[in-house]
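First the structure, in the form of structure tokens, and then the observations on it.
The values are calculated or read from the model by the stated rules, or taken from the named source; none is laboratory data. Keep in mind that what you see is a predicted model, and the values were worked out from it rather than measured. Virtual Cβ from ideal backbone geometry, glycine too; neighbours counted across all protein chains shown. Quick note on the areas: whole protein, heavy atoms, side chains included, nothing else; ligands and nucleic acids left out. Shrake-Rupley method; radii C 1.70, N 1.55, O 1.52, S 1.80 Å.
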Amino acid sequence: MEYILIIISAVFVNNILLSQFLGICPFLGVSNKVSTAVGMSGAVCFVMAVATMLTYLLHYFILVPLGITFMQTVSFIVVIASVVQMVEIILKKISPSLYQALGIFLPLITTNCAVLGVAILVVSKEFSFGGEAHMLNLVESVWYAVSTALGFGLAMTLFAGLREQLELSSVPKDFRGVPIALVTAGILAMAFMGFAGLV
């Protein structure tokens, strides 16, 4: 039951983009096409899951025993950068077209605050499910990271679909481009507010 609550909470109630406002850079930058948004979401999902697992292990098996938890942010960034580099190499070999479409935003996953935010959240925040607060274990942490990445992907894909539709609509001249994108993002965030209190 906890795993269902984690996924509902991460995807709908506490969506990383629309409720916590982490990862806005790729949200606004790579959401012009649905195909690009889906590709970026897949890359973020993989990086988030692997980085969360590695940073969880790093935190509890190296930083805490050695008493150097003050190095958490720096060490997490190094792990995330390494994982992103690995994803970049794999994408270049497997899907050159997606690699080209993602362009500059692929290396920017390294500095995507959503990835770092999830890694820090799972080791520092007490989550409460069913009225009982507890720290997430490794499996729950990876599940939370994947769920958060699915929420990221859902928001990105919905937003990209809306932006594609806006390209076909007659938007007033002063609202074309970034202004209508920001208005649309705000309305999408308000729509997700309807899930507040669900979990």
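For region 1-158, the Cβ-based charge dipole about the Cα centre amounts to some 480 debye (Lys, Arg positive; Asp, Glu negative; other atoms uncharged).
Placing unit charges on the Cβ atoms of the charged side chains and taking the dipole of the chain about its Cα centre, the candidate lying farthest along the positive direction among Leu136, Val13, Ala160 is Ala160.
Mean residue ellipticity, 222 nm, helices only, the chain: the sum of -39500 (n - 2.57) across DSSP H runs of n ≥ 4, divided by residue count and rounded to 500, is -21000 deg cm²/dmol. Across region 151-178, the residues whose backbone nitrogen lies under 14 Å from the label position 7 Å along the beta-carbon direction of Ile187 are 159-172, 175-177. With all protein chains in place and ligands, DNA and RNA left out, the 1.4 Å accessible area ranks Met193, Met53 as Met193, Met53, largest first. Quick check on region 9-96: take the gyration tensor over C-alpha atoms, sort the square-rooted eigenvalues as a ≥ b ≥ c, and tell me if it's rounded (a/c under 1.5), prolate or oblate. Because a/c hits 1.5 or more and a/b fails to exceed b/c, region 9-96 counts as oblate.
Annotation: for a label point projected 7 angstrom from Cα along Cα→Cβ of Leu108, residues of region 1-28 with backbone N closer than 20 Å are 16-28.
When you count the other C-beta atoms within 10 angstrom of each residue and take the mean per peptide, 106-116, 182-192, 146-156, 163-173 line up highest first as 146-156, 106-116, 182-192, 163-173.
Over all other residues within a Cβ to Cβ distance under 15 Å of Ile8, the charged ones net out to -2, with Lys and Arg as +1 and Asp and Glu as -1. Here mean projected area of the Cα convex hull in nm² was computed from the coordinates, and among (i) 12.2; (ii) 13.2; (iii) 10.8 the match is (i).
By the combined test of axial Cα extent (at least 27 Å) and Kyte-Doolittle hydropathy (mean at least 1.0), the qualifying DSSP H helices of the chain come to 34-58, 72-94.
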